[in-house]
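Enquirer: Pasting a structure below so you can have a look.
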Amino acid sequence: MNTIRFFWKHQPVLCIAAVLTLISMFFVPPSLHYFDYINANTLILLFALMGAVAGLRMCGVFKKMASVLTQKCNSSRRLAFFMMTICFIMSMFITNDVALLTFVPITLLIYSESSEKSCNLALIWTVILETVAANLGSMLLPTGNPQNIYICSFYSMTPSELIQVLLPYGIIAYALLCLSILLLPKCQIDAKEDKATSNKFSWKTTICCILVFIISLLTVAGNVPSLFCFISAIVLLAIASPRIFIKIDYMLLATFVCFFIFTGNLGSIDQIRNLISQILTDHELTISILCSQVFSNVPAAILLSGFTNEAKLLLTGVNLGGLGTPIASMASLISFQLYSNEKHELSGKYMVRFLIYNFLLLAILYVVSLIL
């Protein structure tokens, strides 16, 4: 029982997906048709990208980049601007959760040297801005988050089409984030270089992982077959370092498989299919945002994609839906968990500010979506 509770605590989305899948099997018995539900292209791209990012992160490339950029930051607002911008840009290429796993710890390290009380509040706002920046910046490229990879694959949407849909929201979101820097109290900080990974750098690992990343981008664009991407990723990652395969989040892949089967089974039940189709009709944007608040935006994308052909509205809804509750985007839980483990954490104040800021920003962008 302790093992089950531990697993449920650390993998709640996977557990919920597995339970829903098992329930759906009572209505649609297992058969060979289950394999038709699974989008192999999406799983291959996720596997390759997670492997490439894990390798680059393992040899300290991202931490080194962030450390260099923060050397000249000596105030809370300047640091917040740099770190927010880094998360916004890098999340497009390394996904929102990896961006936060990479850069939030460096922010916490920098503030650990500050003793001013005002810095405690500045740290809270900096982590919140990093989180929101990662969630919103990641929507601008297919590689930024799993729901974009899935939607591009499911609807055969090209990267240029995705950018055309989401770029206006990205520009407005970044402008709002820049204005939000004024929320931070002013305090002096000492930015220190993170030397913990300086001896781990490897050209072999870096080059192999960059090649995997490039092949993945070409696969998303439709220029490279997914099978070639899968084989190339395995070979290159093995050459880079076999330890990379341990770092890949296989639980995320399993979560996708469960939701593929669950949504596939739902789509096989006429009554449910008709009900969801009726609810979604003319309300794709609103329903996808609301579903994201409860199920998280990745499962929401998988769930709703089988019931609508409005790819652009669904794409916009699940990306804007990453704002709001902490579970709207699983990346938000990552940054909160990192912050809550700090010695001088103020989790209550963090959560109140996180919710108010996220829902305010979501409301603004939702109004923008109605205008556009």
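The values are calculated or read from the model by the stated rules, or taken from the named source; none is laboratory data. This structure is a prediction, so every number in the text was calculated from the model and none was measured. Positions of Cβ are generated from backbone atoms using ideal geometry, with glycine treated the same way; all protein chains shown enter the neighbour counts. In case anyone asks, the SASA skips ligands and DNA or RNA and just uses the protein heavy atoms, side chains included. Shrake-Rupley method; radii C 1.70, N 1.55, O 1.52, S 1.80 Å.
Enquirer: Under the classification rounded if a/c is under 1.5, otherwise prolate if a/b is larger than b/c and oblate if not, where does region 284-372 fall, given a ≥ b ≥ c as square roots of the Cα gyration tensor eigenvalues?
Expert: Verdict is oblate for region 284-372.
Enquirer: Going 7 Å from the Cα of residue 26 in the Cα-to-Cβ direction, what parts of region 262-304 have a backbone nitrogen less than 19 Å from that spot?
Expert: Those under the cut-off are 262-273.
Enquirer: Could you size up the charge dipole of region 263-349 around its Cα centre, putting +1 on the beta carbon of Lys and Arg and -1 on that of Asp and Glu, and report it in debye to the nearest 20?
Expert: In debye, rounded to 20, region 263-349 gives about 180.
Enquirer: Then there's this: Filter 72/186; 200/343; 64/186; 200/247; 186/349 down to the pairs with a C-alpha to C-alpha distance above 23 Å, please.
Expert: The answer is 200/343; 64/186.
Enquirer: Additional query: Could you state the accessible area per residue of the chain in Å², with a 1.4 Å probe and every protein chain left in place?
Expert: Per-residue value: 46 Å².
Enquirer: Can you compute the modelled spin-label distance between residue 349 and residue 370, with each label point 7 Å from Cα toward Cβ, in nm?
Expert: Distance between the two pseudo-spin positions: 3.5 nm.
Enquirer: Which sequence of 367, 104, 165 reflects their accessible areas, 1.4 Å probe, from the largest down?
Expert: Of 367, 104, 165, the descending order of accessible area is 367, 165, 104.
Enquirer: While we're looking at this one, here's another question. Could you tell me which helices of the chain pass both thresholds, a Cα extent of 18 Å or more along their own axis and a mean Kyte-Doolittle hydropathy of at least 0.5, with helices taken as whole DSSP H runs?
Expert: Span-like helices in the chain: 12-27, 40-58, 76-94, 96-111, 118-137, 159-180, 203-220, 226-240, 250-268, 347-371.
Enquirer: Can I ask one more? Using 1/(1 + (r/R0)^6) with R0 = 56 angstrom and r between the beta carbons of residue 286 and residue 71, what's the FRET efficiency to the nearest 0.05?
Expert: Computed FRET efficiency for residue 286 and residue 71: 0.80.
Enquirer: A further question follows. Separation between the residue 254 and residue 176 pseudo-spin-labels, each 7 Å from Cα along Cα→Cβ, expressed in nm?
Expert: Reported label-point gap for residue 254 and residue 176 is 3.6 nm.
Enquirer: Working with all protein chains in place, sort 253, 129 by solvent-accessible area computed with a 1.4 Å probe, largest first.
Expert: 253, 129
Enquirer: Please find the FRET efficiency linking residue 238 to residue 156, where r is the Cβ-Cβ separation and R0 is fixed at 30 Å, and quote it to the nearest 0.05.
Expert: So, using R0 = 30 Å, E works out to roughly 0.45.
Enquirer: May I ask you to derive the FRET efficiency for residue 342 and residue 294 from their Cβ-Cβ distance with R0 = 25 Å, giving the value to the nearest 0.05?
Expert: The computed FRET efficiency comes out at 0.30.
Enquirer: Heads up, I need the accessible area for residue 50: 1.4 angstrom probe, whole protein in place, Å², nearest 10.
Expert: 40
Enquirer: Follow-up. Could you sort 284, 345 by accessible area so the largest value comes first, with the probe set to 1.4 Å?
Expert: My answer, sorted largest first, is 345, 284.
Enquirer: Over the chain, calculate the relative contact order: mean separation of alpha carbon pairs under 8 Å at least 6 apart, over the residue count, as a percent.
Expert: Once normalised by length, the contact order is 25 percent.
Enquirer: Tally up the carbon and sulfur contribution to the accessible surface of region 186-333 as a whole percent, 1.4 Å probe, everything protein left in place.
Expert: 65
Enquirer: Right, something else. I'd like to know which of 325, 371, 241 lies farthest towards the positive end of the charge dipole of region 234-372, counting +1 on Cβ of Lys and Arg and -1 on Cβ of Asp and Glu.
Expert: Result: 241, furthest along the dipole toward the positive end.
Enquirer: To the nearest 20 Debye, how big is the dipole of the chain about its Cα centre, given +1 on the beta carbon of each Lys and Arg and -1 on that of each Asp and Glu?
Expert: 1080
Enquirer: Starting from the amide H of residue 75, placed 1.01 Å from N in the peptide plane, find each other amide H under 5 Å away whose residue is 5 or more places distant or on another chain.
Expert: 189
Enquirer: Solvent-accessible area of residue 243, probe 1.4 Å, all protein chains present, reported in Å² to the nearest ten, please.
Expert: So the heavy atoms of residue 243 present about 140 Å² to solvent.
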